[in-house]
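Data first, discussion second: the structure below is written as structure tokens.
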Amino acid sequence: MSDRIVVVSNRLPLTARRSGGRWHGERSSGGLVAALGPVLEQTNGLWIGWPGDAPSGDTTGRTKLLRQWERDHGFAAVDLPPGVGRAFYEGYSNNTLWPLLHGFPSRVTFDPETWHAYRDANERFAAGVIDRVRPDDLVWVQDYQLMLLPGLLREARPEVRSGFFLHVPFPPPEIFRILPQREAILQGLLGADVIGFQTHEHMGAFRRSLLQILGIESRMDQVEVGGRVVSLEARPIGIVTDEWERLVSSDAVVAKRITDLHARHAGRRLILAVDRLDYTKGIPERLRAFRHFLVSRPGWRRKVTFIQVAVPSRERIPRYADLRRQVSEMVGEINGELGTATWSPVIYLRRSIPRSELAALYAAADVGWVASLRDGMNLVAKEYVACQRDRAGVLLLSELAGAAGEMGEAIRVNPYDEPGSAEALDRALSMPEEERAERQAVLLERVRRNNALVWAERSVADIARAGRDPGQVPGSVPVPPVTEIRRAFRSAARRACYLDYDGTLVPIAARPSEAVPSAAVGEVVGALARRRNTTVVIVSGRSVLDLERWFGDLKGTWLAAEHGALLRPPGTDEWRPLRPGADVEWKERVRPVLEHFAARAPGSTIEEKEFSLAWHFRLVEPEFGDWLANEVAAALDQQLAGTELAVLRGNKIVEVRFAWANKGEVVAHVRSLGETAGFELAIGDDRTDEDLFERLPDDAWSIRVGPGSTRARYRLPDPAAALALLATLGVSTRRTH
Ligand code: GDG
């Protein structure tokens, strides 16, 4: 890894503090610091973030300290004026985005002032990056406080590669769309080259929001915007497993604490929960479930103790202060109601405890209980497993935490289900040792393998790769070497040419019916097809009717209609389906949906082909049409999930067709007939032609017509240039076969 890494996060790993008139840095011990430390060190990297409030009065000492940090540690401070900092952090970040992203719309506060502060703060962070970044750096932006930053950086420094990682969930579009600034936030993120999520579920929700809100279609792992490719990755974060294991196995202080805990709670099973005091963590829900457990299973009373560590967090926000009161009251209630003179059911530690104490608790607890109502990942689950090592406690894990996707051997719980959680706790406490050991061994192995260092390295490698694929950099795809192509064409024993129609052989017309081929097109394609040992395939999204009308007389060419769903081999009049027997009864279900939308948008039409249905809205008022198209696509996407159908959002069209009906399949079919040895060429202008390019071998002559990112090797500016190239191949000379 040689490129310098520049991490940007809301907080720096050091906070500037004054005590006794002197300024010093206080380290935060977060997992992110431990994970990123090694990659930053290796590359002599930079970390840019906020160093904590600047008090009024004389700050020369502070300024000196911050300068020294940058020089000695590569920690560069971005200051925020107090008003901005608060409205940015407590306001928009934690009162708007946090509840929204966690799927609690009723807790979201919308305040235009805080939005301005959020933008302002993101601009200040961006300026901090822009001042320092070098062209070869890899910038890696962390989390929801900085969602506008990738876009701002892209505007100012388009050549710099950047990534963004979202530590928290991304909600379904039905929730995300209530955010008044939804477009700006999505556009901000799309400034990055790579957007990383904790889980595929969050990534899928993001993709659906892109479609519904911006009308941008995406593939499973990438999205094309403004001629760039943005990669999407699911990269679940891990912990620095070694550090936790070392604490438990060889730290004397921790060992002593573990012994003390066992002695103090002898004869009782320990249940442990560790959270920031945040409503997403399900603390009241878990207390209720624990009470239910004790009430419904009195046999366990006095035999268990539940230790809840809750670190105060965001206390200036009223909702968090309310939660703090609520939890204290609940603990008091349970202990008062069910405790005895010698036993408290719940031990409540409402403060941050040292890591050594935390490690000892993790190691000593028989059950680790995570009850998040929603959580990006939840590192506590992983830390518990790491500290148990071979002791085999049981992890009770909310199915709504990102970690659930990776930790299948835990007992999964729905944190809203009080009796269900009580039952799961009972099961955990009663589980035979052998089963516990088996589950723990698999979990531990996975926590070790997918650790935070691996996460950081992979994420950085994703960013390093971005923008290095020549198809992704505008202007970097060369024009085709015509002489070389002609030479290859001539010397090949067999040759195959795949030609798209609209936008490739003829310019795109305002109305599809106007895109009639000129006489020159017929001549050029005809001449090419007349060359010996040459297979020509016209492969288009058009219907059989259109292709018959325009190319019916060219008996020497293959025609492929509806993106390849139907084929007419050379020398015949007969069209055959690519997959015989494909059932199209789905059209009966999809047609009413399209009709419903068509009725709302005068001027739009439904086109029915043999294997597809499309809704065209070229004549609808553009903004309304686009909005409606997003709705159609989203509605169908959901309805058709898991079927072999695909919903495609093209230029002024939403089309439903079989996922297998794509141009790549045509290549595969023609190749399977053995007609392609020697020379292969493909020309096309849009996304559907990328399937064509993808199926061809690397040394084939693939040519993209017009702008847009592509995996083709070459680019031509327009259909006229494409036609000129094909014309030179069609001309016979004495030297050819
Ligand atoms: C966000 C996402 C995602 C807790 N109490 C003490 C203490 N901790 C440490 C734990 C753990 C961390 O805090 C909490 O991490 P989580 O992952 O559980 O949750 P969030 O703070 O909400 O983190 C989350 C994470 O980002 C990473 O991407 O997993 O979903 O919400 O490391 O050990 N540490 C010490 N004393 C305590 O009392 N020293």
Open item on the list: What distance in nm lies between label points placed 7 Å from Cα along the C-beta direction at residue 136 and residue 67?
Closed with: 2.9
- [ ] Could you work out how far apart the two model spin labels at residue 698 and residue 342 are, taking each label as a point 7 Å from the Cα in the direction of the beta carbon, and quote it in nm?
- [x] 7.5
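For the stretch 623-668, what does the alpha-carbon gyration tensor say about shape, rounded, prolate or oblate, given a ≥ b ≥ c as the root eigenvalues, a/c under 1.5 as rounded, and a/b over b/c as prolate? Provide the component values of the computation, followed by the final result.
Values: a/c = 5.02, a/b = 1.63, b/c = 3.09.
Because a/c hits 1.5 or more and a/b fails to exceed b/c, the stretch 623-668 counts as oblate.
List the relative contact order of the stretch 6-51 as a percent without decimals, with contacts defined as Cα pairs under 8 Å and 6+ residues apart.
This gives 57 percent for the stretch 6-51.
Taking N as the number of residues in the stretch 261-415, what is its alpha-carbon radius of gyration divided by 2.2 N^0.38 Å?
On the way: Rg = 14.8 Å, N = 155, 2.2 N^0.38 = 15.0 Å.
Compactness ratio reported: 0.99.
Sort 185-197, 527-539 for me by packing, meaning the mean count of neighbouring Cβ atoms within 10 Å per residue, highest on top.
Those peptides, ordered most packed to least, come out 185-197, 527-539.
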Task: Cβ-placed point charges (K, R +1; D, E -1), dipole of the stretch 241-449 about Cα centre in debye, nearest 20 - done: 580
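Please give the length that would be gained between residue 417 and residue 591 if that part of the chain were fully extended, namely 0.36 nm times their separation in residues minus their C-alpha to C-alpha distance (nm, one decimal). Numbers along the way, then the final one.
Working: separation 174, 0.36 × 174 = 62.64 nm, distance 4.03 nm.
Roughly 58.6 nm would be gained on extension.
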- [ ] Taking amide H positions as placed in the peptide plane 1.01 Å from N, state which residues far from residue 238 in sequence (5 or more) or on other chains have amide H under 5 Å from it.
- [x] 452, 455
TODO: Can you work out the accessible area per residue across the chain, with the rest of the protein chains kept in place, probe 1.4 Å, in square angstrom?
DONE: 42
TODO: Past 31 Å, Cα to Cα, is the threshold; run 64/382; 256/382; 555/652; 555/663 against it and keep the listed order.
DONE: 64/382; 555/652
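What do you get for GluC sites (Glu not before Pro) in the stretch 160-209 restricted to DSSP loop and a cutoff of at most 16 other Cβ within 10 Å of the site's Cβ? Can you show the working numbers first?
Details: sites: 174, 183, 201; in loops: none.
Within the stretch 160-209, no GluC sites (Glu not before Pro) qualify (loop, at most 16 other Cβ atoms within 10 Å).
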Open item on the list: Could you put 292, 563 in order of accessible surface area, largest first, with the 1.4 Å probe and the full protein assembly present?
Closed with: 292, 563
Task: Relative contact order %, the chain, counting alpha carbon pairs below 8 Å whose residues are six or more apart - done: 10
Open item on the list: Give me a comma-separated list of calculated 3J(HN,Hα) values for the stretch 340-355, in order, Karplus coefficients 6.51, -1.76, 1.60 applied at θ = phi - 60°, integers in Hz, x for any Gly or Pro.
Closed with: 10, 5, 10, 9, 9, x, 10, 9, 10, 10, 9, 5, 7, 10, x, 4
TODO: Just subtract the alpha-carbon distance of residue 357 and residue 457 from 0.36 nm times their residue separation and send over the number in nm, one decimal.
DONE: 33.0 nm
Open item on the list: So for each of 371-383, 160-172, 324-336 I average, over its residues, the number of other beta carbons within 10 Å; can you give me the resulting order with the highest mean first?
Closed with: 371-383, 160-172, 324-336
- [ ] Could you bin all the Cα-Cα distances of the chain into 20 Å bins starting at 0 and give me the percent of pairs in each, rounded to whole numbers?
- [x] 15, 39, 30, 14, 2, 0
TODO: Tally the DSSP beta bridges in the stretch 313-432 and give the antiparallel ones as a percent, rounded to 5.
DONE: 10
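What does the net charge come to around residue 415 if you take all other residues with beta carbon closer than 12 Å to its beta carbon, with K and R at +1 and D and E at -1?
Summing Lys and Arg as +1 and Asp and Glu as -1 gives -1.
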Task: Solvent exposure ordering (accessible area, 1.4 Å, most first) of 48, 216, 606 - done: 606, 216, 48
- [ ] Please give the FRET efficiency for residue 262 paired with residue 530, using the beta carbon to beta carbon distance and R0 = 56 Å, rounded to the nearest 0.05.
- [x] 0.05
- [ ] Note the full-extension length gain between residue 234 and residue 322 as 0.36 nm times their separation in residues minus their Cα-Cα distance, in nm to one decimal.
- [x] 28.2 nm
Task: Label-to-label distance, nm, for residues given as residue 641 and residue 426 (7 Å Cα→Cβ offset) - done: 3.4
Task: Rounded if a/c under 1.5, otherwise prolate or oblate - the stretch 587-658, Cα gyration tensor axes - done: prolate
Open item on the list: Between residue 619 and residue 583, what's the calculated FRET efficiency when r is the beta-carbon distance and R0 is 30 Å? Round to 0.05.
Closed with: 0.40
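Would you mind putting 695-705, 17-27 in packing order, based on average other-beta-carbon counts within 10 Å, highest first? Present the calculation step by step, with values, prior to reporting the outcome.
Working: 695-705: 19.5, 17-27: 11.5.
Going by the mean number of other Cβ atoms within 10 Å, highest first, we get 695-705, 17-27.
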Task: Share antiparallel - DSSP beta bridges, the stretch 241-449, percent rounded to 5 - done: 5
Open item on the list: Placing +1 on the Cβ of each Lys and Arg and -1 on the Cβ of each Asp and Glu in the chain, which of 52, 263, 202 has its Cα farthest towards the positive end of the resulting dipole?
Closed with: 263
Open item on the list: Please list, in order along the stretch 550-567, the HN-Hα scalar couplings obtained from phi with the Karplus expression 6.51 cos²θ - 1.76 cosθ + 1.60 (θ = phi - 60°), rounded to whole Hz, x for Gly and Pro.
Closed with: 8, 10, x, 7, 7, 6, x, 9, 7, 10, 10, 9, 6, 6, x, 5, 10, 10
Open item on the list: Positive end of the dipole of the chain, charges at C-beta (+1 Lys, Arg; -1 Asp, Glu), about the Cα centre: which of 645, 597, 335 has its Cα farthest in that direction?
Closed with: 335
- [ ] Putting +1 on Lys and Arg Cβ atoms and -1 on Asp and Glu Cβ atoms, find which of 394, 308, 362 reaches farthest to the positive end of the dipole of the stretch 241-449.
- [x] 308
Open item on the list: If you take every DSSP beta bridge fully contained in the chain, what fraction is antiparallel? Give it as a percent rounded to 5.
Closed with: 30
TODO: Would you mind getting me the FRET efficiency between residue 276 and residue 335? Use the beta-carbon distance for r and R0 = 25 Å, nearest 0.05.
DONE: 0.65
Task: C-alpha center-to-center spacing [the stretch 1-66, the stretch 379-397] in angstrom - done: 31
Open item on the list: So if I take the centroid of the Cα atoms in the stretch 609-661 and the same for the stretch 101-126, what is the distance between those two points in Å?
Closed with: 33
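The values are calculated or read from the model by the stated rules, or taken from the named source; none is laboratory data. Just so we're clear, the structure is a prediction, and the values are computed from it rather than from any experiment. Every residue, glycine as well, gets a Cβ built from its backbone with ideal geometry; the counts of neighbours run over all protein chains shown. Surface accessibility is based on the protein's heavy atoms, side chains included, excluding ligands, DNA and RNA. Shrake-Rupley method; radii C 1.70, N 1.55, O 1.52, S 1.80 Å.
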